[in-house]
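The values are calculated or read from the model by the stated rules, or taken from the named source; none is laboratory data. Keep in mind that this is a model prediction, so the values were computed, not measured. Counting neighbours? That spans all protein chains shown, and the Cβs are built from the backbone with ideal geometry, glycine included. The protein model used for the area step is the full one, side chains on, heavy atoms only, and it has no ligands, DNA or RNA in it. Shrake-Rupley method; radii C 1.70, N 1.55, O 1.52, S 1.80 Å.
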Amino acid sequence: MRRYIGYREFVQRDQRSLVGTALLLTGSHEQAIRLTLWSLRTVGLSWPPTLWENSTTHAHITLYRRFLHKPTAAGATALVRLPPRQRLLVVACLHDGRTHAEMATVLGIPVETVKSEITEAVAVLTKGNVARLKTRLATAAGEASVPDLTAQSMRALRRRRNRGAFLTAVTVLLSVCLVTAFVLFPQGEVWNSALGERNQPGSTGTPEAMGVISSPEPRPSLQPWRAPRTSFAIRYAVPGKCSGGDSAGGGTVPSQAGKVTCAGWTLKLAGGGTGGSALDSVKCAAPDRCESTVSVPDAAGLLAHGDGRGSWRLSPAVSPDGHRIGYLSAAEGRYVAHDLHSGVKRYLSPVLAPSDTETGTRVSVSPNGRHFTVELGARRLRTDFATGTVTSLPAGRATAVEEAADWLRKSYRVWRDSPSGRHAAAIGTEGSGAGSLHIVDARSRRVFKRLQLPSPGGPAKAEVVGWLNSHEVVVKMTGTAAGRPAGFFRMDAVTGRKHRVTGLADDSMIVLGAVTAP
């Protein structure tokens with residue numbers, strides 16, 4: 001279980017503090033052990049932790065939430081007679097050292113409520129003597145009998161792993177059956193549900209009850225793109241020459257809102273072996289280093305808005321593994337997604353109306369490539385590519401970076417949000433004028449990492465292209481060094497380590513995919 005390296009040490013280090021906290025909350029050793037095991041198992045399911053995650057804090061907060069979900073109390077001590085939330089706040093803030101603001105965020109209540117409930121509880125327990133109450137809590141927690149929970153925690157994770165392997169096998173088998181059914185069914189009928197439901201022509205529905213979206217009639221001027229089925233991965237995508245829209249020579253013209261004025265993106269594919277047999281042309285520098293270029297003529301690049309003289313710049317979303325791409329189809333007037341390995345196509349949105357694009361629109365993909373999210377005005381639609389099901393996300397359910405967008409816009413010209421949506425990367429200018437890579441915590445709106453940019457050997461400007469994964473950022477350096485472009489670099493957002501990335505196009509816009517593909 002190489003994935004769980006370090007987990008055993010984490011359990012041995014934190015089990016005593018977790019059991020002590022659980023004992024204060026429940027008043028029972030048996031219930032405290034049960035609550036602690038639940039917390040350790042939950043942390044283990046997401047192991048290893050992300051670079052910015054504190055495993056101890058994660059375990060305690062998981063324990064708090066589990067206790068509030070199923071509060072228990074044993075014995076007749078004054079502490080367990082408090083209401084569950086008051087009891088939790090007293091233990092978390094006075095024993096575990098959590099701040100009032102932190103607990104307000106965890107419980108979703110105002111900070112003033114946290115303060116008032118703690119004050120009331122302290123008055124009941126020790127007539128306002130906080131120091132005395134802290135001593136009593138520490139003494140009670142220190143009396144906890146703590147067995148070694150390492151073996152039980154590891155067994156729980158092994159059971160979870162075996163169950164996951166079984167479910168994965170079932171999923172793979174189901175996927176094979178679905179692909180086979182898709183190939184065997186007659187053409188002309190649209191199948192994009194994992195349950196094999198046939199979409200009825202002309203079916204409509206609200207986003208909340210959309211289910212699986214059916215296919216509209218394509219526009220006669222531009223045919224929908226048919227993705228080649230290949231094992232190659234998309235390394236990156238760049239805009240091609242304007243085609244399929246109403247503009248000529250790559251420029252925009254006055255157009256009514258919501259109309260595509262420029263379309264066409266080019267995909268750079270890479271892979272090994274004969275996986276590119278479905279592609280028109282494949283060049284191989286070695287048997288395991290082959291590449292090809294594919295054009296997506298109906299992928300929108302510019303979308304008219306407002307009075308028709310302004311345009312939103314659009315870009316596709318490519319999954320980190322390079323297998324899937326989502327974009328606004330100029331041929332169909334809606335967002336679509338393709339999987340190049342299976343040949344499956346999904347519809348991510350209904351046909352767009354002008355009101356959907358008044359404030360901009362975009363598509364994004366989750367780090368695992370399974371979920372595509374489309375923003376249409378105030379609506380956000382999420383599609384599970386595996387099933388084709390579309391759901392409407394609740395209003396206000398935004399990531400930390402989205403909530404801090406106005407602040408980021410004032411601080412930086414360009415920034416890129418991390419796959420988790422908690423951090424942003426941007427190029428900042430220090431007091432001396434030398435640029436550096438800023439890693440911003442969007443929740444606190446502060447720069448917690450300033451990393452030195454690569455030194456290509458001469459004057460150069462830097463631009464953040466995107467996040468390669470949860471901890472690496474790709475930076476583009478423009479300028480000259482020995483008469484050549486400075487190029488692209490991948491930088492570790494924690495350590496600042498730099499590695500040159502070769503084979504990327506020096507284009508004004510570039511969307512990353514599987515940059516590390518052969």
Item checked: Distance (nanometres) between label positions extended 7 Å along Cα→Cβ at MET509 and ALA101 -> 3.8
Notebook entry, point to check: Which percent of the accessible heavy-atom area of the stretch 74-142 goes to carbon and sulfur, probe 1.4 angstrom?
Noted result: 56
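Work out, step by step, the length gained on full extension between ALA378 and SER420: first 0.36 nm times the residue separation, then minus their alpha carbon distance; give nm to one decimal. Don't skip to the answer; put the middle values down first.
Details: separation 42, 0.36 × 42 = 15.12 nm, distance 2.12 nm.
Gain in length upon complete extension: 13.0 nm.
May I ask which of LYS259/LYS345; LYS268/LYS461; LYS268/LYS410; LYS115/LYS410; LYS268/LYS449; LYS345/LYS410 have a Cα-Cα span longer than 28 Å here? The partial results should precede the final answer.
Values: LYS259/LYS345 23 Å; LYS268/LYS461 25 Å; LYS268/LYS410 34 Å; LYS115/LYS410 34 Å; LYS268/LYS449 32 Å; LYS345/LYS410 39 Å.
In this structure, LYS268/LYS410; LYS115/LYS410; LYS268/LYS449; LYS345/LYS410 exceed 28 Å between Cα atoms.
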Margin query: Less than 12 Å Cβ to Cβ from THR230, Lys/Arg counted +1 and Asp/Glu -1: what total charge do the surrounding residues give?
Written below: -2
Next item on the list: Once you have a ≥ b ≥ c as the square roots of the Cα gyration tensor eigenvalues for the stretch 1-149, tell me rounded if a/c is under 1.5, and otherwise prolate or oblate according to whether a/b is larger than b/c.
Entry: prolate
Item checked: Shape of the stretch 82-183, Cα gyration tensor, a/c cut at 1.5 -> oblate
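Net charge within 12 Å of GLY513 by Cβ-Cβ distance, Lys/Arg positive one each and Asp/Glu negative one each, not counting GLY513 itself? Don't jump to the answer; show the numbers that get you there.
Values: positive: ARG235, LYS268, ARG324; negative: ASP321.
So the environment of GLY513 carries a net charge of +2.
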Check: So how far apart, in nm, are the two label points at SER392 and THR139 if each is 7 Å from Cα heading toward Cβ?
Finding: 5.8
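Which order, highest average first, do 352-364, 321-333 follow once you tally other Cβ atoms within 10 Å for each residue and take the mean per peptide? Let's see the in-between values first.
Working: 352-364: 17.3, 321-333: 24.4.
Averaged packing, sorted descending, gives the order 321-333, 352-364.
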Notebook entry, point to check: With charges only on Cβ, +1 for K and R and -1 for D and E, what is the dipole size of the stretch 1-94 about its Cα centre, in debye, rounded to 20?
Noted result: 180
Item checked: Dipole of the stretch 272-399, positive direction: furthest Cα of GLY360, SER349, ALA378, with charges on the beta-carbon -> ALA378
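Can you tell me the order of 378-387, 42-51, 295-304 when each peptide is scored by its average per-residue count of other Cβ atoms within 10 angstrom, highest first? Working shown, then result.
Numbers: 378-387: 18.8, 42-51: 16.0, 295-304: 24.0.
Put in order of decreasing packing, that is 295-304, 378-387, 42-51.
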Check: Label-point separation (nm) for ARG226 and VAL170, each offset 7 Å from Cα along Cα-to-Cβ?
Finding: 3.6
